[in-house]
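Enquirer: Handing you this structure, nothing more for now.
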Amino acid sequence: MKVIDFRFRPNTPDAVNGMLNHPVFGDMFTLFKYADRAYAQSLEEIVQDMDAHGVVKGVITSRDAETTYGLASGNPGVLAITKRFPDRFIGFAGLDPHKGMAAVRELKSMVLEHGMRGAATDPYLARIPADHARYYPIYSACCELDVPVVITTGPGTLVRGAVMEDGHPRHIDRVAADFPDLKIVISHGAYPWVDEAIMVVHRNRNVYMDLSEYENSPFSEGYIKAANTLIGDKILFASAAPFQDFRGQIEVYRQLPLTDEARENIMFNNAARLLGLNA
């Protein structure tokens, strides 16, 4: 089974050490005992593991939350990885909506000059919802460049100052209405608003989602039922590596009560179509 992992940050020593001592997510990582399962590898070892488990592409979503949390852009680090293994890793540029047109220029540079394939935003870290006007120049640029945007949702557990409401899927529904040609990926499934997220994906032609980290959480049975009956062509596999071990997450999807068609679509076909990759 071929796999495209739509949320894959390689567990290099720098990445793992950064997570273990993270100024924003440190309390969350402690709560979920990340240190007990953390391990670091060289990029060469990571690619070998990907080969062994059928992962043909890993999408690395960068982050920029400098204005609100002092987290500077991770784009240079992502570029360093994608340039070493351009056939294996795909970069999405992390963008801070508070930076205005500087964020738009960053996106265009990352895509046109450096080969990145999309944008990534974090509304709960930006402390403004996805339908705030400050994002709209970014969405417009994504349409112009014909690249997707990953909008990170989820609870933001123990992140100081973050408000769950900023990640509610109702805001993404508004964006999809305002930008019907914009390709959107709701990362982390807008958990815990399972039903609402499913309907936002179902009713908007160009909205997709991944379920990373929440496949077996309370209420997740709704995601699985929807994958089998309603939106199996709109869900993307995303391991949330290195917070989760991508190898273990692949096994999770082997065990989930999915139809064979839904599983094949989720693990590869949907992402290949969204990214414009040849099967």
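Enquirer: Mind checking the per residue accessible area of the chain for me, 1.4 Å probe, whole number of Å²?
Expert: On the way: 11890 Å² over 279 residues.
Result: 43 Å² per residue.
Enquirer: For the cross-link pairs K2/K57; K2/K83; K83/K108; K183/K225, which exceed 20 Å when the distance is taken from alpha carbon to alpha carbon?
Expert: Working: K2/K57 9 Å; K2/K83 23 Å; K83/K108 17 Å; K183/K225 23 Å.
Violating the 20 Å Cα-Cα cut-off are K2/K83; K183/K225.
Enquirer: Now a separate question. If you keep only loop residues by DSSP, which trypsin sites (Lys or Arg not before Pro) in region 198-248 have at most 13 other Cβ atoms within 10 Å of their Cβ?
Expert: Working: sites: R203, R205, K225, K234, R247; in loops: R205, K234.
Sites meeting the loop and neighbour criteria: R205.
Enquirer: Working from the pairwise distances between different alpha carbons, so that the mean of 1/r is found and then inverted, what is region 9-119's Kirkwood radius in Å?
Expert: Numbers: mean 1/r = 0.0663 Å⁻¹.
Result for region 9-119, one decimal place: 15.1 Å.
Enquirer: Using Cα-only point scatterers and the Debye equation, what is log10 of I(q)/I(0) for the chain at each q in 0.08, 0.12 Å⁻¹, rounded to two decimals?
Expert: -0.28, -0.68
Enquirer: Report in % the part of the accessible area of the chain that belongs to carbon and sulfur, leaving out ligands and nucleic acids; probe 1.4 Å. Write out the running numbers ahead of the final one.
Expert: Numbers: 5940 of 11890 Å².
Exposed carbon and sulfur together represent 50 percent of the surface.
Enquirer: Relative to the compact globular guide of 2.2 N^0.38 Å, what is the alpha carbon radius of gyration of region 108-223, as a ratio? Mind showing how you got there, number by number?
Expert: On the way: Rg = 13.9 Å, N = 116, 2.2 N^0.38 = 13.4 Å.
Dividing the Cα radius of gyration by 2.2 N^0.38 Å gives 1.03.
Enquirer: Aspartates and glutamates within cross-link reach of K99: Cα-Cα under 14 Å, excluding same-chain residues under 8 positions apart?
Expert: Leaving aside aspartates and glutamates fewer than 8 places away in the same chain, those within reach of K99 are D64, E66, D122.
Enquirer: Further question on the same structure: Which value at 222 nm does the chain reach when only helices count, each DSSP H run of 4 or more adding -39,500 (n - 2.57), with the total divided by all residues and rounded to the nearest 500 deg cm²/dmol?
Expert: On the way: 14 runs with 110 residues, N = 279.
Taking each H run of at least 4 residues, the total per residue is -10500 deg cm²/dmol.
The values are calculated or read from the model by the stated rules, or taken from the named source; none is laboratory data. Predicted, not measured: the structure shown is a model, and the values here were computed from it. Don't worry about glycine lacking a Cβ; one is built from the backbone with ideal geometry, like all the others, and counts go over all protein chains shown. Side chains are part of the model used for accessible areas, which takes the heavy atoms of the whole protein and leaves out ligands, DNA and RNA. Shrake-Rupley method; radii C 1.70, N 1.55, O 1.52, S 1.80 Å.
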